[in-house]
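The values are calculated or read from the model by the stated rules, or taken from the named source; none is laboratory data. Just so it is clear, the structure is predicted and the values come from calculations on it, not from any experiment. Here the Cβ is made from the backbone with ideal geometry for all residues, glycine too, and neighbour counts use every protein chain on show. We work out accessible area using only protein heavy atoms, side chains counted, and drop any ligands, DNA or RNA first. Shrake-Rupley method; radii C 1.70, N 1.55, O 1.52, S 1.80 Å.
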Amino acid sequence: MQSGSKILKFDVDKLRSQFPILTQKINGKPLVYFDNAATSQKPLSVLEKVYEYYTTINSNVHRGIHTLSEKATIEFETAREKSRKFLNAISIEEIIFTKGVTDGINLVAFSFGEKYINAGDEIVISEMEHHSNIVPWQMLCERKNAKLKVIPVNEKGELIIDEYKNLLSEKVKIVAVTHVSNSLGTINPVKEIIEIAHSRNIPVLLDGAQAAPHLKIDVQELDVDFYVISSHKFYGPTGSGVLYGKEKFLESMPPYQGGGEMIKSVSFSKTLYNELPYKFEAGTPNIAGAIGMGSAIDFIENLGYENISTYENELLHYATDKLNEIDGMRIIGTAKHKASVVSFIINGIHPYDTGSILDQLGIAVRTGYHCTQPLIDFYKLPGTVRASFAVYNTFEEIDRLIEGIHKVKKMIG
Ligand code: PLP
C-alpha cells in the first residue's frame with residue numbers, strides 16, 4: 001500500500017532529478033539512500049557552483065589584488081553573509097568558517113577552554129552526544145583538571161530536564177548539548193535548556209549537525225552562545241561548516257590556530273591578531289566548500305523549511321507505523337519531538353547483519369553506534385539500524401525498506 005503525501009508543496013520526482021547519484025543501481029537494485037544523517041546527497045546546483053568556482057575563479061581569497069582573487073573573495077564573503085542570514089546571526093563577525101561541527105566544537109573547547117576553564121570547573125554535556133561533542137570536552141578536562149557532568153536520558157531518548165537542573169552548580173562554566181540526536185532523532189527542548197543555563201549565567205553551545213537539515217535555526221531567538229553546523233549534512237560539500245558565536249565571547253577568546261589569515265601583522269617580537277571572524281580562520285580556507293555551502297543554503301531556502309519538515313515528518317510517521325507492524329521490531333528513540341531519523345533493532349538479529357542484507361537489496365542504512373557509544377550502551381545494545389530521511393526520499397522507498405526487513409527476517413530471523 002502506498003500512501004502519498006497530502007501536503008507536498010514541491011514535486012519530489014522533479015527534486016530527485018537534481019540528485020543524479022540517486023538514479024544509480026547498487027548491487028543490481030535501484031539505490032534507496034537512507035543514510036542522510038551521516039551525509040546527505042548534493043543537488044546539481046551545489047555541484048555546479050563548486051565546478052564553476054574551480055573552472056572560472058579559482059584563486060586565493062583576501063590576498064590578491066588581481067581580478068580572480070577579488071572575485072573569489074566576493075563569492076567567499078557572499079557565502080558568509082548567506083550563512084549569517086541562514087542562522088540569523090547579528091553580524092558576519094559572528095560567523096566563523098570551519099571544517100564542520102567537529103572542528104567548530106574543538107575550536108570552542110580549546111579557545112573558550114583556554115580563557116574560561118580552570119581546575120575544578122565543570123562542563124555539562126548529555127548522554128546522547130555525538131563523540132565530537134564528548135571527546136573535545138574530555139580533552140579540555142584533562143588539560144585543565146576540570147570535570148565532565150552528563151545529563152541522563154530516559155528510555156524514550158529524551159533528556160531528563162530535572163536532572164539537568166540539578167547538575168548546574170556554580171562550578172559549571174559551559175553547557176554543550178545537541179539540538180537533534182543523530183542516533184534517535186530526538187529534538188531537544190533547546191530553548192528551555194538555554195534559559196535554564198542563562199538564569200545561572202552559564203553559556204550554551206548547541207551542536208546543530210542534525211538540526212540544520214530539518215529545522216529553521218534562529219540563533220537570536222534561541223539566544224544561544226555558540227552554534228555549530230556542517231554543510232555536508234544539509235546538501236552541501238564535505239569539509240565546510242560554520243561556528244556561530246556571540247561576539248562578546250569570540251572577542252574575548254584567544255585564537256585556536258596560528259598562521260596566515262588570522263594575523264594583522266607579524267614580527268619576531270610581537271604578532272597582532274586579525275579581527276573577527278578571521279582571527280579564527282588560520283590558513284587558506286576551504287573556499288570551494290564555503291561557496292558550495294552557500295549554494296546549499298539557497299537550495300534549502302528555495303524549498304522552505306516548513307515544506308521540508310512537513311514532508312519529512314510524513315515520511316517519519318509512515319516509516320514508524322510500518323516498522324511497528326513488523327513482529328519483533330523495537331524502535332529505539334520514541335521521543336515526542338523527533339526529526340526524520342528512525343533507529344531500530346529486530347529481535348535476535350544483529351544490526352550489522354540487517355545492514356548487510358539491506359545493502360544487497362540496494363538500501364543504504366547505517367548500523368552500529370552512530371558515534372554515540374555511551375548512548376547505545378545506555379540501551380545495552382550492540383548497535384542499532386538507522387534509517388534517516390531527506391527531502392528527496394519517498395514513501396515507495398520506505399516500502400522497499402519494509403520489504404527488505406521482511407527478507408532479512410526470513411533469512412536470519
Ligand atoms: N554531531 C552530530 C549530532 C552529528 O550527527 C555529527 C555527524 O554525524 C557530528 C556532530 C560531526 O559532524 P562532522 O563529522 O561533520 O564534523
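So V224 clears everything in (1) exposed (fewer than 13 other Cβ atoms within 10 Å of the Cβ); (2) not in a strand (DSSP E or B) except one condition, right? Which one?
(1)
Out of all the residues in the range 49-68, is one or more among the β-branched types (V, I, T), in contact (Cβ under 8 Å) with a residue 60 or more places away in the chain, touching a helix residue (DSSP H, G or I) at 6+ places or on another chain (Cβ under 6 Å) and outside any loop (DSSP other than H, G, I, E, B)? Working first, answer last.
Restricting attention to the range 49-68, the residues satisfying the condition of being among the β-branched types (V, I, T) are 50, 55-57, 61, 65, 67.
Checking the rest, the ones that are also in contact (Cβ under 8 Å) with a residue 60 or more places away in the chain come to 50, 61.
Now narrow it down to the ones that are touching a helix residue (DSSP H, G or I) at 6+ places or on another chain (Cβ under 6 Å): 50, 61.
If we keep only those that are outside any loop (DSSP other than H, G, I, E, B) as well, we get 50.
Yes, there is a match, as at least one residue in the range 49-68 is among the β-branched types (V, I, T), in contact (Cβ under 8 Å) with a residue 60 or more places away in the chain, touching a helix residue (DSSP H, G or I) at 6+ places or on another chain (Cβ under 6 Å) and outside any loop (DSSP other than H, G, I, E, B).
Within the range 348-368, can you find the residues that are of a type outside the set (G, A, S) and touching a residue at least 40 places away in the same chain (Cβ under 8 Å)? First the steps, then the outcome.
Taking the range 348-368 first, the residues of a type outside the set (G, A, S) are 349-354, 357-361, 363, 365-367.
Scanning the range 348-368 gives I349, D353, T354, I357, L358, D359, Q360, L361, I363, V365, R366.
Based on what the data block shows, is I194 more than 16 Å from the ligand (Cβ to nearest atom) and in contact (Cβ under 8 Å) with a residue 12 or more places away in the chain?
Details: more than 16 Å from the ligand (Cβ to nearest atom): yes; in contact (Cβ under 8 Å) with a residue 12 or more places away in the chain: yes.
Considered against the rule, which asks whether it is more than 16 Å from the ligand (Cβ to nearest atom) and in contact (Cβ under 8 Å) with a residue 12 or more places away in the chain, I194 comes out as yes.
Here is a check on your reading of the model: is K279 part of a helix (DSSP H, G or I), without any contact (Cβ under 8 Å) to a residue 24 or more places away in the chain and away from the ligand (no atom under 16 Å from the Cβ)?
Details: part of a helix (DSSP H, G or I): yes; without any contact (Cβ under 8 Å) to a residue 24 or more places away in the chain: no; away from the ligand (no atom under 16 Å from the Cβ): yes.
No.
Quick check on the range 250-276: of everything there that is touching a helix residue (DSSP H, G or I) at 6+ places or on another chain (Cβ under 7 Å) and touching a residue at least 24 places away in the same chain (Cβ under 8 Å), which residue is nearest to the ligand (Cβ to nearest atom)? Working first, answer last.
Taking the range 250-276 as the starting set, the residues that turn out to be touching a helix residue (DSSP H, G or I) at 6+ places or on another chain (Cβ under 7 Å) are 250, 252-256, 261-262, 273, 276.
In the following step, the residues that additionally are touching a residue at least 24 places away in the same chain (Cβ under 8 Å) were identified as 250, 252-256, 261, 276.
Values: L250: 20, S252: 25, M253: 20, P254: 22, P255: 20, Y256: 15, E261: 21, L276: 22 Å.
It comes out as Y256.
Looking at (1) part of a helix (DSSP H, G or I); (2) open to solvent by 60 Å² or more (accessible area, probe 1.4 Å), which is the only condition A119 fails?
Only one criterion in (1) part of a helix (DSSP H, G or I); (2) open to solvent by 60 Å² or more (accessible area, probe 1.4 Å) is unmet by A119, namely (1).
With the structure loaded, tell me whether D103 is open to solvent by 20 Å² or more (accessible area, probe 1.4 Å), assigned to a helix (DSSP H, G or I), among the acidic types (D, E) and within 14 Å of the ligand (Cβ to nearest atom) or whether it fails that test. Full working, then the answer.
Working: open to solvent by 20 Å² or more (accessible area, probe 1.4 Å): yes; assigned to a helix (DSSP H, G or I): yes; among the acidic types (D, E): yes; within 14 Å of the ligand (Cβ to nearest atom): yes.
When the stated conditions are applied, D103 passes them.
Which ones in the range 227-249 are within 16 Å of the ligand (Cβ to nearest atom), assigned to a strand (DSSP E or B) and not hydrophobic (A, V, I, L, M, F, W, C)? Let's see the steps before the verdict.
Pass one, the range 227-249, residues within 16 Å of the ligand (Cβ to nearest atom): 227-244.
Imposing the further condition that a residue be assigned to a strand (DSSP E or B) reduces the set to 227-230, 241-244.
Result: Y227, S230, G241, Y244.
Checking the conditions here, which among T73, T55 is open to solvent by 70 Å² or more (accessible area, probe 1.4 Å) and in the same structural domain as Y256 (by TED's automatic domain parsing)?
Numbers: T73 fails: open to solvent by 70 Å² or more (accessible area, probe 1.4 Å).
None of the others qualify; the one that does is T55.
Quick check on the range 197-221: of everything there that is open to solvent by 20 Å² or more (accessible area, probe 1.4 Å) and free of Cβ contacts under 8 Å to residues at least 40 places away in the same chain, which residue is nearest to the ligand (Cβ to nearest atom)?
Let us first name the residues in the range 197-221 that are open to solvent by 20 Å² or more (accessible area, probe 1.4 Å), namely 198-201, 215-216, 218, 220-221.
Right, trim to free of Cβ contacts under 8 Å to residues at least 40 places away in the same chain and you get 198-201.
Numbers: H198: 22, S199: 26, R200: 25, N201: 26 Å.
So the residue we want is H198.
Being open to solvent by less than 10 Å² (accessible area, probe 1.4 Å) and touching a helix residue (DSSP H, G or I) at 6+ places or on another chain (Cβ under 6 Å), is that true of even one residue in the range 140-157? Step through it out loud before you land on a result.
Just the residues of the range 140-157 that are open to solvent by less than 10 Å² (accessible area, probe 1.4 Å), to begin with: 140, 151, 153, 157.
Retained after the next criterion (residues that are touching a helix residue (DSSP H, G or I) at 6+ places or on another chain (Cβ under 6 Å)): 140, 151.
Looking through the range 140-157, at least one residue is open to solvent by less than 10 Å² (accessible area, probe 1.4 Å) and touching a helix residue (DSSP H, G or I) at 6+ places or on another chain (Cβ under 6 Å).
Going by the conditions given, is V177 within 11 Å of the ligand (Cβ to nearest atom), part of a strand (DSSP E or B) and of a type outside the set (F, W, Y)?
Spelling it out, V177 is indeed within 11 Å of the ligand (Cβ to nearest atom), part of a strand (DSSP E or B) and of a type outside the set (F, W, Y).
Could you pull out the residue among T367, T334 that is open to solvent by 30 Å² or more (accessible area, probe 1.4 Å), among the polar types (S, T, N, Q) and out of contact with any helix residue (DSSP H, G or I) (no Cβ under 6 Å at 6 or more places or on another chain)? Don't jump to the end; show me each part of the working.
Numbers: T367 fails: out of contact with any helix residue (DSSP H, G or I) (no Cβ under 6 Å at 6 or more places or on another chain).
Only one candidate qualifies: T334.
Among K191, K233, which is in contact with a Pro (Cβ under 7 Å, 6 or more places away or on another chain), at pLDDT 95 or above and basic (K, R)?
Unique residue meeting the criteria: K233.
Would you check if there is a residue in the range 122-144 being assigned by TED's automatic domain parsing to the domain that holds Y227, assigned to a loop (DSSP other than H, G, I, E, B) and more than 16 Å from the ligand (Cβ to nearest atom)?
no
If only one of S69, S45, S59 is touching a Leu at 6+ places or on another chain (Cβ under 6 Å) and polar (S, T, N, Q), which one is it? Step through it out loud before you land on a result.
Values: S69 fails: touching a Leu at 6+ places or on another chain (Cβ under 6 Å); S45 fails: touching a Leu at 6+ places or on another chain (Cβ under 6 Å).
Only one candidate passes the filter, namely S59.
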